[in-house]
1. If Lys267 satisfies all but one of (1) within 25 Å of Lys148 (Cα to Cα); (2) free of Cβ contacts under 8 Å to residues at least 40 places away in the same chain, what's the number of the condition it fails?
2. What number of residues in region 196-215 are out of contact with any helix residue (DSSP H, G or I) (no Cβ under 9 Å at 6 or more places or on another chain) and buried (at least 19 other Cβ atoms within 10 Å of the Cβ)?
3. For region 37-48, does any single residue satisfy the condition of being of a type in the set (A, V, I, L, M, F, W, C) and at pLDDT 95 or above?
4. Restricting the search to region 1-15, which residues are surrounded by fewer than 14 Cβ atoms within 10 Å (Cβ to Cβ) and in a helix (DSSP H, G or I)?
5. Would you list the helices (runs of 4 or more DSSP H) that sit entirely within region 123-195 and hold 2 or more residues that are surrounded by 21 or more Cβ atoms within 10 Å (Cβ to Cβ) and not assigned by TED's automatic domain parsing to the domain that holds Leu256?
6. Count, please, the residues in region 187-204 that happen to be polar (S, T, N, Q) and away from the ligand (no atom under 14 Å from the Cβ).
7. Is it fair to say Gly178 is under 30 Å from Asp96 (Cβ atoms) and more than 16 Å from the ligand (Cβ to nearest atom)?
Amino acid sequence: MTLKKIPFNEWNTVLGLQQDYDDLELLYSPVISDAPIHVPDCEKVLTLHHTPTSSYREAYEYIHDEFISMGEFTYELYLAMPYFVEIYQTWKQKQDFQWQLLFLSLIGDCLATDFPRNHFSKRLNETLPKEIIETHLRSIEIIREEAKEFVTTHLEKLKQLNLDDVEYFCQCLFGIFGDREAAFVLFMGDFNRCYIACPYCSDPDKDSDVEYNFDWYLGENPVCALGEEIVPAPSVIGQWDQKSYDNDYLWMSNLLYLLGSQDGATKMSLYYGTLICPNCGKNAGIVMDLAKDRMIWDGESSQLD
Ligand SMILES: [Zn+2]
C-alpha cells in the first residue's frame, strides 16, 4: 500500500504557515532519482549536532533541529511522516546501514514530541483533515515493523556503536515503540535526569521540584546508593524474547544491555523505580509517572490559537 502524501507546495495551505520545505525535498531526492548522493562516510555518524560538510547531511541536521526544537511538537510532522517512511525504505533498498540508522533516529526523536498534551494548536487540532492523521498513524505502524526488522537484522552492527550512540538510538526507538510521554521525559532529561515532586508533602504552588541525576547512582564511587530514595524496579535482564516491544521497561532495558550499556539498563530501573520521599518518608510512586507530571505541560490548558 502506498501512503498518500501531500505535495510540498500544498503544505502551507494545509497548515496555514509560510515556510519552505527545500531541505525535506532534498532528503527525499534519493526516492525519486538514482543520482548518487555524495556524503562521505565520516558524515554518516549518529552524533548529534554534527557539523556537516555535505548538503544532504546539512539538510538532515536542519530538519532534525526544525522538527525537534526544544521538544515542541511541530504539526509538519503529520505531513512529513509518509515522506520519512519512503526515505527510510529507499536507504534500506540501497542497503545503507548508516542512513537507515539516522532516519530511524530522526523519526523516533520526532515522535517523542507527538502526544496530545504536547499538541498546542487548537486551530490545527480541530482542522487538520482526518486522512492526514490516518496516514500519519499508518506511517507509524509501518516504521514500527521496519524498526523491528532493522534491530533484528543489524544487532551485531549496533553492538559496535559507542555507548552514547547506543543510548541515543534506544531512546529514539522508545519514541517509535513506547509511551511517547515517557520518551519525552527521557529526551528532555538527556536520559540521565528528571525533576519530580512528592505528591504528599510538596507545595504545588511553589517550585518544589527535586532534580534526580542518575549519574549519582552509577560508576565505581556513586554519590548515592541504589535503593536510597529511589528503589529500582526489579531487574528484567534476560527476560526479553527480542521480538516483542509491548512492555517498554522490558525491551528497552534488555536492548540497552544487549548493546553493551549496563548503565543504560540501570537508569531504566531508576526511571521505573519507586521514589521514597526523603522529606516525608512516604512511597511517592513510580519515578516515570512523577516525572511526566512535572515535565509535561498540559496542551489543553495553554493552546496557542
Ligand atoms: Zn513527601
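1. Among (1) within 25 Å of Lys148 (Cα to Cα); (2) free of Cβ contacts under 8 Å to residues at least 40 places away in the same chain, the lone unmet condition for Lys267 is (2).
2. 1
3. There is no residue in region 37-48 that is of a type in the set (A, V, I, L, M, F, W, C) and at pLDDT 95 or above.
4. Within region 1-15, Asn9, Glu10, Asn12, Thr13 meet the criteria.
5. Those helices (runs of 4 or more DSSP H) span 130-153, 163-177, 180-188.
6. 1
7. yes
To keep it simple, each residue is scored yes or no on (1) of a type in the set (A, V, I, L, M, F, W, C); (2) surrounded by fewer than 18 Cβ atoms within 10 Å (Cβ to Cβ); (3) in contact with a Leu (Cβ under 8 Å, 6 or more places away or on another chain); (4) part of a loop (DSSP other than H, G, I, E, B).
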| site | (1), (2), (3), (4) |
| --- | --- |
| Leu17 | yes, yes, no, yes |
| Leu24 | yes, no, no, no |
| Tyr28 | no, no, no, no |
| Ala35 | yes, yes, no, yes |
| Pro52 | no, yes, no, yes |
| Glu58 | no, yes, no, no |
| His64 | no, no, yes, no |
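The values are calculated or read from the model by the stated rules, or taken from the named source; none is laboratory data. All values reported here derive from a predicted model rather than from experimental measurement. We place every Cβ from the backbone using ideal geometry, glycine too, and count neighbours over all the protein chains shown.
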